[in-house]
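For reference, the structure discussed in these notes is given below.
The values are calculated or read from the model by the stated rules, or taken from the named source; none is laboratory data. Nothing here was measured: the structure is a model prediction, and the numbers come from that model. Neighbour counts run over all protein chains shown; Cβ positions are idealised from the backbone, glycine included.
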Amino acid sequence: MFSETINARNLIGTLIIMSAVLCSSGCASDSYAAKGAAKGAGTGAVAGAVGAAATALIFGGNVGEAAARGAVYGGASGAVVGGMSGAEVDRQVTAQERAEYEKRLQKFREDIGTDAFNGFVALAECKHEVALANAREAQKSRNRDFALGGLWVEALTEADRGQTGAATAMLPAIAEKDREIKDVAGAQVRLDETLAEIGEIRARYDLPVSCETG
């Protein structure tokens with residue numbers, strides 16, 4: 001009888017522990033399992049790469065290298081994150097890595113401004129109208145770098161959706177305000193390079209490389 005009681009208690013204890021483990025990996029409101037792997041590989045994942053690329057674009061530097069350094073959680077590639085289930089990502093991404101990633105995202109927002117940052121991320125996700133709305137808000141900023149970020153978002157978005165004339169019309173203002181750009185031709189080269197890198201970022205995170213513009 002005593003042995004049966006002990007076994008029953010052990011079974012109950014095991015069930016409680018299993019329930020807690022399952023809940024910790026799948027029940028937390030901020031877990032990838034709760035959000036879904038697709039969302040984890042979309043907005044949250046792409047933001048780091050895009051934010052890093054945008055910062056390099058505005059302050060000078062290699063946009064592609066910056067995007068690679070800003071990849072999700074530093075260690076996990078977009079392909080790995082995109083191919084895993086939500087629960088698997090939860091188990092492999094530590095709380096410290098998440099905190100560091102969120103810190104990097106916050107730094108990008110502080111560097112280029114929230115409106116420009118949101119605009120770049122929306123552009124990467126093919127949300128052109130959202131990107132343009134954020135771009136125009138950013139351009140109202142008294143902060144020179146925030147406003148420049150808005151100019152770049154608008155030019156890149158217009159080019160990305162096939163409005164070449166509208167994008168070209170933005171280049172003189174960019175050449176005038178961007179310390180890293182000498183002339184309109186230089187602005188065009190930088191725009192083309194950045195647009196190509198945005199395509200690379202999309203591919204890396206299983207997003208459409210080219211947006212539907214119809």
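The criterion of being in the same structural domain as ARG136 (by TED's automatic domain parsing), more than 24 Å from the chain's Cα centre (by Cα) and surrounded by fewer than 20 Cβ atoms within 10 Å (Cβ to Cβ) holds for GLU176. Of all residues in the stretch 75-116, those satisfying the criterion of being at pLDDT 80 or above and in contact with a Ser or Thr (Cβ under 9 Å, 6 or more places away or on another chain) are LYS107, PHE108, ASP111, ILE112, GLY113, ASP115, ALA116. Residue-level check: of (1) in contact (Cβ under 8 Å) with a residue 24 or more places away in the chain; (2) crowded, with 21+ Cβ neighbours inside 10 Å, ASN118 misses just (1).
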